[in-house]
Structures are given as C-alpha cells and as structure tokens.
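The values are calculated or read from the model by the stated rules, or taken from the named source; none is laboratory data. Keep in mind that this is a model prediction, so the values were computed, not measured. Neighbour counts run over all protein chains shown; Cβ positions are idealised from the backbone, glycine included. Calculation scope for accessible area: heavy atoms of the full protein, side chains included, ligands and nucleic acids excluded. Shrake-Rupley method; radii C 1.70, N 1.55, O 1.52, S 1.80 Å.
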Amino acid sequence: MVGSVDSSMNGGGVGGCLIKELVHHDGEREKIVLGRDMHTVSFEITEPDLDDDVTGEREAYMASVLSKYKKSLTEKTKFHLGYPYNLDFDYDALCQLQHFSINNLGDPFIESNYGVHSRQFEVGVLDWFARLWELDKNQYWGYITNCGTEGNLHGILVGREVFPDGILYASQESHYSVFKAARMYRMDCVKVNTLSSGEIDCHDFKSKLLCNKDKPAIVNVNIGTTVKGAVDDLDLVINKLQEAGFSHDRFYIHCDGALFGLMLPFVKRAPKVSFKKAIGSVSVSGHKFVGCPMPCGVLITRLEHVKVLSRNVEYLASRDATIMGSRNGHAPLFLWYTLNRKGYRGFRKEVQKCLRNAHYFKDRLVHAGIGAMLNELSSTVVFERPHDEEFVRKWQLACQGNIAHVVVMPNVTIHKLDDFLDELVQKRDAWFGEGKSQPPCIASDVGIHNCLCALHR
C-alpha cells in the first residue's frame, strides 16, 4: 500500500487557504491546497444575558445571523459546479414533518419500541432499489445510510465478515472511504492501477490476484469514479476473477455507485449493475443525483450475507446490522417523495439531459483550446485545473493535481455552463497571455489525445 506518512505545513497560503505538503513512502513530495481555517469565521456561542427575555436582543442577533447565512447559501448555490449534488428540488410538502424527531434505529425490517419512525417509507424505498438492481424481496437486505461512505463501509464490512482472511482490491481512483474501510477493519488492501480514463486496469487486477491466490478476494467496483466519473467494467472484473481461479464462493464484490449507480440504469446501451451477476452489495448516495437536502444513501446486499454480522438487541426490540445506531428518519421521507414524483421516466429524462449538457460543455472547452475529457457513460467533465485558487473556490471546483472537474447535474443549465466557460476563457487570457506562463499538461491524467498543452496540441 502507498500513502502519506508525514505532513508539514508550508508557511504560504492561497486566498486564505492552506497549502499542505505530503511526504509519501517513496519520498515523493506533493502539495495540496486545503480550504480556509473555519475557526477564523465561526459563529461564537455565548451565554444569554439576564435581561435577554426582556430586550429580545439575542433573538434579533440570531435572526440576523441566519438571514445573512441564507443569503450566503443562495449566492453559493449560483456558483456550484464541482461536486455531484443535485440542487434542483422542492420539498415544501415535507415541512410539516420537520417538527418530529424521527429515528429509524435498528433494523429497517423489524419495528423498534420507539414509535416515531419512518420504516414504512424506508422499506418502500429499499424495495424500489432492490427491483432496480434485480434482487427479489425475500433475498435482499438493506438500509438507508447517513451518506455514501457509510454504504461503502457496510458493503466492505459484509465482505470482510463473509471472508475474514480476504484481501481488499480497489483501483487507485476509488473513493477515499474504500481505503478508510481497509484501515478501520485492519484489512490487507491491494491498490490496482487504472487506465487514463480512470477505469480499473483489469490486466493489472488479474496479475495482482494471481499473487494472492491462496486468499479470497473482496473487490470494490466503481460505478463512476470520484474524479473522472469512470465506470469499471463489472463483467470484465468477474471474468478476470474466474480466469485467476477464483470461484464464486471465493470472492465478494461491492459496487460503489455513489453518483452514477442511479444514473447508469437509465443510460442507453450501458452495462447493467444487477444482482443476477456475482455481486454482494451496491451502495448509492441519496443527496447526489436524487437530490435529498441532507446527506444520505442506500445500501442493498444479499440477505444471506448480512446474517453473519447481525445481532438481536433487546433494548431496541430490534436487530443490529447497521453501521450506525440511530439513523435519520427524515431521509427516507425525502427519498420516498422524490422516487414517487419522478419514477423511472423522470430519472431517465434527467439523465439524458445531464449527459447532453456534459457533451456540450466538453465540446466548448475543447473548442476554446482547453484540454478536456468526458467518459462515455459519465456526466463528469475533466479539464485543466484553473490557475487561480480564488476562481476555483468561487465555482467550488473539485481539483486533483493538474486537473479539475465539473459534474453536470440536473440543476446545471447550459446558461450556467456558458457563464463559467466565458469567465474561464477571460481568466486564461490574463493567466497565460503574452507568454506569462503555460497551461498545465494533463496528458498523464487523461491521456495524450485529451491534452491540449503546447506539447500535445
């Protein structure tokens, strides 16, 4: 495994941000830009004055703070492009339920003694996803998680419980939560190389499987990588496992579909993620493509697998098989509401719009002389990292090394993409005009054919 072993703060900063230097095992140094220190802008909590009930000054102060915060959120939403959150939603109909402390603690399928829950909505949502991924009601188990990371933690935990001595295989472009799971569960983890697209390199995968034929394989398959939106070839992964001598009873596959797990089923001619194939679990995020206003997610696994880690808890009058104890009971309501309103037809329409707009944006970038890449099954457009961190922060871009990306979601319109690109082109004239400096080479990140630097243009 390769990871950072030491870090030290560089004295400099960019636009109020922090620059951190990582030192890797091989001695290579890498600088990354972190966000600003929130202690400098936090809202202090102080004790109320004795006469606050009379003067009302504290209530007025808090109302002022919240009003300014709302204005800030409204403004920030206008310039949101780099993270996969669907901000196009309307949940006014659910406001009436915000007065209740809804908690789905315990197993979704076994009612607890705590009566203020939303299990009936949660199980309805889980049934919907089980049908989407082709697993019968009496063969699946799942729950609504607090985020996509929890789904990965649970899926990999199930794999570890099924194969206690198994080795976790994940491409180097897998989400950081996958490697967090390996550390938390003290699992041996093998990082697999990727293609320039971000997809797992199945030739390297097979060679690493052959080095560990004596131990079962627990495999993370990405249904849309974090940075490049690459979809691993599930069928090819299974094929390589079989070629390396791993029968179905010696491997477990978890599919991380945080964003694209809900988009892929509605893409024409896209490969299917299905429990009719030899997979053990699938997780998606609910606050991404679905558009829930709070972080949440869905985890579906096979009922036979979850039995190895579930325990009955008398205190709950239910079963414990989830990562968290108390679980947000409002999240199932938002998911249920959206799935009912949109249905398959609504999601298909939104997916097609996102892919169409992503292709438009990628073509405009290339036409403007900016290196860019868009994977065939993705709405994540990767391009040269902007030269100015203030610009990056304004548009809330996600960056890694010399590349940045825009994730085209249902709320991202052509007009917003045009505004962004017009400003980017104008900024590039200032950054690179008159030979001041050169745009970065991104050939090593996205392939020579997608790079438009001076060398590869």
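Mean 1/r over all different Cα pairs, inverted: what Kirkwood radius does region 95-342 give, in Å?
Radius from the Kirkwood sum: 18.3 Å.
If you roll a 1.4 Å probe over region 85-137 with all protein chains in place, what percent of the accessible area is carbon or sulfur?
52 percent
Tell me which residues come under 5 Å, amide H to amide H, from Thr194 once H is placed; ignore anything under 5 positions away on its chain.
Here the answer is Gln172, Asp201, since their amide H atoms fall under 5 Å of that of Thr194.
Only sites in a loop by DSSP and with at most 16 other Cβ atoms within 10 Å count here; which trypsin sites (Lys or Arg not before Pro) in region 173-264 make the cut? Before the final figure, lay out the partial values.
Numbers: sites: Lys180, Arg183, Arg186, Lys191, Lys206, Lys208, Lys213, Lys228, Lys240, Arg250; in loops: Arg186, Lys213, Lys228.
Loop-located and lightly packed - Arg186, Lys213.
Could you tell me which GluC sites (Glu not before Pro) in region 237-315 are loop residues by DSSP with no more than 12 other beta carbons within 10 angstrom of their beta carbon?
Those satisfying the criteria are Glu314.
Could you work out [θ]222 nm for the chain from helices alone, using -39500 (n - 2.57) per DSSP H run of at least four and dividing by all its residues? Round to the nearest 500 deg cm²/dmol.
Calculated from helices alone, the mean residue ellipticity at 222 nm is -10500 deg cm²/dmol.
Roughly how big is region 344-450's charge dipole about its Cα centre, with Cβ charges of +1 (Lys, Arg) and -1 (Asp, Glu), in debye to the nearest 20? Kindly include the intermediate steps, with their values, before the conclusion.
On the way: 14 positive and 14 negative charges, 110 e Å.
With Lys and Arg at +1 and Asp and Glu at -1, about 540 debye.
Past 18 Å, Cα to Cα, is the threshold; run Lys240/Lys277; Lys228/Lys277; Lys137/Lys342 against it and keep the listed order.
Working: Lys240/Lys277 14 Å; Lys228/Lys277 25 Å; Lys137/Lys342 22 Å.
Check vs 18 Å cut-off fails for Lys228/Lys277; Lys137/Lys342.
Cα to Cα, under 18 Å, and not fewer than 8 places away if on the same chain: which aspartates and glutamates meet these conditions relative to Lys436?
Cα-Cα hits under 18 Å: Glu384, Asp388, Glu389.
Among the trypsin sites (Lys or Arg not before Pro) within region 103-177, which fall in a DSSP loop and have no more than 13 other Cβ atoms within 10 Å of their own Cβ?
none
Can you give the net charge of the other residues whose Cβ lies under 11 Å from the Cβ of Trp336, counting K and R as +1 and D and E as -1?
-1
Please work out the average accessible area per residue across the chain, using the 1.4 Å probe convention, and give it in Å².
Result: 50 Å² of accessible area for each residue.
So for region 344-450, averaging the separation of alpha carbon pairs under 8 Å that are six or more residues apart and normalising by length, what relative contact order in percent results?
Normalised by residue count, the contact order of region 344-450 is 26 percent.
Over the chain, what relative contact order in percent results from Cα pairs under 8 Å that are six or more residues apart?
Working: 793 pairs, mean separation 82.7, N = 457.
Taking the mean separation of contacting Cα pairs over the length of the chain, I get 18 percent.
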